[in-house]
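The structure under discussion appears below in the form of structure tokens.
Taken together, the values in this text are just the output of simple stated rules run on the coordinates, not laboratory data. All values reported here derive from a predicted model rather than from experimental measurement. For neighbour counting, all protein chains shown are included, and Cβ atoms are generated from backbone atoms with ideal geometry for every residue, glycine included.
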Amino acid sequence: MKSITSRAINAALRAAGLGVEIVNNRDGYSYFLDRDGNQVGESVYICFLNQQTISEWVQHARFAIKQGGAK
């Protein structure tokens with residue numbers, strides 16, 4: 001399986017026009033941030049980014065936006 005990186009996830013989030021990016025803090029949590037650097041929605045607790053497909057990350061981002069809104 002090809003490794004999924006935050007760069008690839010962020011490219012997919014931009015392509016989907018979601019206005020957020022993912023940040024992985026290496027503590028097992030990943031966060032979506034808006035353009036101002038504010039966290040959007042709940043964090044995603046997952047050990048490795050490639051435990052999900054890029055489309056699943058996009059779905060998580062959409063859910064996070066519904067939870068917390070993106071500016």
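Listed by first and then second residue, the pairs linking a residue in segment 57-68 that is on the phi < 0 side of the Ramachandran plot and among the basic types (Lys, Arg) to a residue that is surrounded by 17 or more Cβ atoms within 10 Å (Cβ to Cβ) and outside any helix (DSSP H, G or I), with Cβ atoms under 7 Å apart and 6 or more places separating them unless they lie on different chains, are Arg62/Leu18. Among the residues of segment 16-35, is there at least one that is closer than 15 Å to Gln59 by Cβ and hydroxyl-bearing (Ser, Thr, Tyr)? Yes, segment 16-35 contains at least one residue that is closer than 15 Å to Gln59 by Cβ and hydroxyl-bearing (Ser, Thr, Tyr).
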